[in-house]
Every structure is written in C-alpha cells, then in structure tokens.
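Taking it in order: structure first as structure tokens, then the write-up.
Any read-out appearing in this document is the output of simple, stated calculations on the displayed coordinates, not a laboratory observation. Given the structure is predicted, the values throughout are model-derived calculations rather than measurements. Because the Cβ atoms are built from the backbone with ideal geometry, glycine has one as well, and the counts that use them run over all protein chains shown.
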Amino acid sequence: MAHLAGLGHALPDRIVPSSELAARLDVTEEWILAACGIRERRWLSDGEPAAALAEKAALAALSRAELTPGRLGAIVVGTGSAPRAFPGISADLQRRLGAPGAAAFDVPLASVGGLFALALAVDLCPRTGPVLAAGAEEMSRVLLRAPLAKETAILFGDGAAACIVAPGEGPVSVVDVRLGSDGTFAGALSLGHDGPLEMEGRTVILQASRKLPAAIRSVLDPQGLSPADVDLFVLHQANLNLLKGVARSLGVGEEKLFVNVDRVGNTSAASVLIALSEASEQGLLKPGSRVILAAFGAGFSWGAALLRVAG
Amino acid sequence: MTPATEKIRAALQPFARIPIPDDVDASLFELGVLDSFGLMDAVAGLEEAFGVKVPDADLTPRRFETLAKIETYFTSRAA
C-alpha cells in the first residue's frame, strides 16, 4: 500500500488559442473544437525547458507533502519529449531540486509516462522512502521540428506535474495499479531522435478506446467494484471525444469525468497528473470517494490506478 | 446488395458524416464518411450487429476501411 502525499503542477504562461492555430493551419476554429474539444493549450517560450516546469510542480508537491527534496528516495519522470537522448529530464529536475543521491530516471512512454512513473513509485517507495513521480513535456518543440501538421498540432500542449508517493496509507491511498503494453503497435505512435512525431490517429483512437475501459475494469474487478462505484474518472486528457467515448463504454455519465483538455490541451505524460493535481485543488477528491486514473500512450502502453480518499 | 452489406450499412449509418457510398471498395476514411471517433463507435455498432467481438489485435483501421473489407472481416468472424 502507498499513498499520494502531495500533488503539484505547472503550466507555461504562453496561451495558444485554437483561433491562432486555425489561422496557421488553414482550418477553422470550429473544426479544431469538433476534432478534439481543445480551445487553448500552453506552449513554452523560447529557452524555457520542461524541467523548469517540473521543478515548479515538484516544489509544490513537496511543500504539500511537507518534505524537503533531500528526503526523496527516487525521482521518476514520465515524458515523451525529452530534449536529448540521455540523461533524461529527471537528471535536470534532480539538479534543480538540489537532491543528489537518489535514483533518477525517465520513463519515455509519452502519454502514459506519468501513470507509469506513479506506478513505479508505488512499488519503489516501500524500499526507498518517498518517491517523486512526475510528468514533464515540451511537446511544442516536437511539433515545431517540422511544418505544423494539423492532426497533431491542434492536440498537444506543454506542462508538468508531480506527485509524492509515500509508503503506507494516507489521505489518498493507492488501492491498485495495473499496467500493460503491446509492442505490436510500436510504430503507430513514435518519435525518432530528430524526427517529426509519427502518429496513426485512427489506430491510436481505436486501441485507446478499447484499452482504457479494460484497464479501468482491471483495477475495479478485483475489488468487486463496477464503474458506477467510481466517483471521479481522471483520465489522460488526450481528446475530449475520446474521454466521452470511454465514459460511454463504461456506462457512466460525463459528469464523472474530470476535464481540462479544453484549457490545457493534451500534455502527454504530464496530462493525467496535471488533471489529478487540478482536481485536488478544486476539492474534487472528496472524503470517502473512489477515483480512477487511467492513461494510454506509446508502445502502445496503458494502465489504470484506483485511488481511495480517506473518509 | 447482400444481407451482410445491408447490415453493415445500417450499423454504420448513425456514425456516417456523409452518405455511405455505393462503391464497396471506396475508402470510408478518404471520402470522409467516418472520422477517427466515428470509426470507434462504428466498430462497436458492427460488433453488436454481427454478434462478434473484435479482438484487440484485429482493431486496426485497415480492416474497416471499405464496405468490402468490413463484410469480409465480419462474415469470416461470424462463420
């Protein structure tokens, strides 16, 4: 058993409205809204690294957990847009936090990286003490490597989030986490060292619409729970249409979905942790409630976690 | 039109953004009949219509790109 001791997130200041992208991509704002439900996203300014956002998010999470960086047993960062092959954003984050010594590594799985980082933290923390699980992305830099492609440019935003995972029970306990991957689809969502983002959108949607509900049921079934027993679904904010499709598949109302994709876009690995941090700030992690986290990303890989808020 | 084709057209109809073509070999994607999310819902509709669950490994767009491919897939699965 592990618990979430603190959450934090950080977004760039620069807002990129869909109207701005529509003009650059020769589409209409209405087309973007219909395609993904995103009104605006945040992009980093020149010279501003994702690690700086991760540092802000981590310091907020550490503060809420009443911990200093030196107490961290490990730092795990999910990402898909690290600016170099190695070392990862985790090394920059560790340097910024001034917390040398603890193991620090990246999980390069794009949109599911934050959830995998959290899952690894759950398993690590009984041995190492509190673990910083984070997601950090500079997806705008990936998009801007090549002429903007409307299929991807409308989706992605930059951001970071962090979560302190500590052993034992706490105000928000992790009841179970399940992960999976299928390398058959490795080529359907990939990013070379210098290349453009390769995304077979239809394949991603088809697989995600199947894998996400299955992953969610995989953490509910062993507890004798159904989707109706869940109070809040905090899913990877890939696309508003996908979120609604997952809700339909699970037979739950859209009012149970936490949604911020309209404001921050798809922040890839940071997405599910930013959403969880915002949900916490908005008082949506209510006493006694059950919360589902779920994400889908490169590999393909997917996973879900069941959280229980102390009553 | 075969009974299977009629069943397929009926299953796709709720999710079609424009009229479904008569040409069974026309790409439903290139014509704009189905977008990504329409495809997601259409597969669920086809599964219900044929009483067949599409395994995850078969869940790739190319299997559902044309009326002919859809018919081939579901009739073989249902057999």
Cut-off 12 Å between beta-carbons: net charge of the residues surrounding residue A:31, Lys and Arg +1, Asp and Glu -1: -4
Karplus 3J(HN,Hα) series, Hz, for the range A:151-168 with 6.51 cos²θ - 1.76 cosθ + 1.60 (x for Gly, Pro): 5, 10, 4, 6, 8, 8, x, 9, x, 8, 8, 9, 9, 8, 10, 10, x, x
Average beta carbon contacts from partner chains per residue of A:237-243, 10 Å cutoff: 2
Listed peptides A:44-53, A:24-33 by packing density, highest first (mean Cβ within 10 Å): A:44-53, A:24-33
Built amide H within the under 5 Å cut-off of residue A:42, gap 5+: A:16, A:158
Shielding by partners, peptide B:27-37 (average Cβ within 10 angstrom, other chains): 3
Trypsin sites (Lys or Arg not before Pro) restricted to the range A:255-296 and DSSP loop, no more than 13 other C-beta within 10 Å: none
Average beta carbon contacts from partner chains per residue of A:197-206, 10 Å cutoff: 5
Computed log₁₀ I(q)/I(0) - Debye formula, equal Cα scatterers, no solvent, the protein assembly as shown, q 0.10, 0.13 Å⁻¹: -0.63, -1.03
Net charge contributed by nearby residues that have their C-beta within less than 15 Å of residue A:80 (K/R +1, D/E -1): -3
Cα-based Rg and Dmax for chain B, where Dmax is the largest Cα-Cα distance (Å): 11.1, 31
Ranked packing of A:90-98, B:33-41, most packed first, by mean Cβ within 10 Å: B:33-41, A:90-98
Candidate lysines - alpha carbon under 16 Å from residue A:211, same-chain residues fewer than 8 apart omitted: A:244, B:53
Total formal charge among the other residues, if their Cβ is under 15 angstrom from that of residue B:24, Lys/Arg +1 and Asp/Glu -1: -3
